Amino acid sequence: MRFFILIVLVVFLGMNYAFAAGDAEKPPQMDWSFSGPFGTYDRGALQRGFQVYKQVCSACHGMDLKSYRNLTDLGFSEDEVKAIAAEYTVIDGPNDEGEMFERPARPSDRFKNPYPNEEAAKYANNGALPPDMSLITKARKDGANYTYGILVGYEEAPAEKELMAGQYYNKYMAGNVIAMAPPLSDGIIGYEDGTDETVEQYAKDVTQFLVWAAEPELEERKQMGIKVILFLLVFSGIMYAVKKKIWADVKH
Ligand code: HEC
């Protein structure tokens with residue numbers, strides 16, 4: 001009986017989930033270097049992913065929780081980070097005369113947001129707000145695969161699906177309709193390390209960069225987990241030996 005209830009529950013929850021997800025397909029399950037207990041980021045992919053974000057996504061998506069100095073995690077030197085920051089102009093102030101002024105960004109500044117406020121962001125995007133990318137891979141279920149899926153999931157809309165101006169068909173978006181034009185196409189970003197310049201490769205790299213942005217401590221966390229498990233194994237061994245020794249003389 002209990003087993004039966006369990007089955008009913010699982011089927012019911014499963015159905016619920018299927019409905020909640022709309023018509024969206026389950027995103028492709030990618031083989032990421034950062035998955036699994038020994039997972040690590042690939043520095044090359046992170047740097048290329050930053051390049052994709054910088055040259056394409058940052059035109060519409062801010063990353064308000066990141067500062068330029070965080071980019072040293074990706075393997076950039078302090079001087080390289082200074083140079084990257086200095087490409088942007090930020091507003092600072094007020095100065096002694098009470099005026100706000102512009103200056104080049106410094107490593108301690110947050111990533112520059114493409115829009116001054118949400119209203120401007122919506123106005124520029126047909127009323128749709130491009131979400132902040134700092135935590136997107138954590139904010140969505142199966143976030144890395146989902147983000148990758150959105151970037152490669154554009155298709156010709158089926159005949160019965162009506163799209164309004166500024167809407168696109170994407171098989172991994174809930175409801176299959178997204179207000180973001182396909183941001184990537186083959187060859188739009190030049191990679192210096194000879195990596196393929198394809199939509200799939202760009203999508204993989206920028207996704208890894210976004211996972212790093214949301215979980216910069218992932219590698220340390222995993223290493224700590226392994227150390228804890230090793231410690232527990234050794235500790236159990238010692239305790240077992242101690243127990244044997246203490247009880248050795250006790251007669252049955
Ligand atoms: C021209 C502006 C523009 C560019 C460039 C752009 N996006 Fe978007 N993006 C949007 C808008 C607008 C939305 C909101 C779409 C919606 O709600 O239907 C969006 C939505 C998304 C979503 C879905 C978020 C969700 O709510 O589930 C992801 C993921 C995403 N963008 C990632 C990217 C990445 C990665 C890049 C760079 C490769 C990029 N975008 C480039 C405008 C843009």
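Assorted remarks:
- The set of residues from region 39-78 being of a type in the set (Asp, Glu) and within 16 Å of residue 201 (Cα to Cα) comprises just one member, 42.
- Leading residue by the ranking (farthest from residue 201 (Cα to Cα)) among those in region 130-146 that are of a type in the set (A, V, I, L, M) and surrounded by 15 or more Cβ atoms within 10 Å (Cβ to Cβ): 135
- Restricting region 29-49 to residues that are buried (at least 16 other Cβ atoms within 10 Å of the Cβ) and assigned to a helix (DSSP H, G or I), the residue that is nearest to the ligand (Cβ to nearest atom): 49
- Residues located in region 187-224, provided they are free of Cβ contacts under 8 Å to residues at least 60 places away in the same chain and of a type in the set (D, E, K, R): 192, 196, 197, 200, 217, 220, 221
- Of the helices (runs of 4 or more DSSP H) lying entirely inside region 98-214, those carrying at least 2 residues that are more than 20 Å from residue 62 (Cβ to Cβ) and within 13 Å of the ligand (Cβ to nearest atom) are 143-152, 199-214.
- Residue in region 59-73 that is modelled with pLDDT of 95 or more and farther than 30 Å from residue 220 by Cβ present: yes
- Residues within region 92-129 that are out of contact with any Cys (no Cβ under 9 Å at 6 or more places or on another chain), among the polar types (S, T, N, Q) and surrounded by 12 or more Cβ atoms within 10 Å (Cβ to Cβ), tallied: 2
- Filtered residues of region 50-86 (kept if within 27 Å of residue 185 (Cβ to Cβ), of a type in the set (D, E, K, R) and more than 11 Å from the ligand (Cβ to nearest atom)): 66
- Within region 74-88, the presence of at least one residue that is without any contact (Cβ under 8 Å) to a residue 60 or more places away in the chain, in contact with a strand residue (DSSP E or B) (Cβ under 6 Å, 6 or more places away or on another chain) and not assigned by TED's automatic domain parsing to the domain that holds residue 177 is confirmed.
The values are calculated or read from the model by the stated rules, or taken from the named source; none is laboratory data. It should be emphasised that the depicted structure is a prediction, and the values quoted were computed from it without experimental measurement. Positions of Cβ are backbone-derived with ideal geometry, glycine not excepted, and every protein chain shown enters the neighbour counts.
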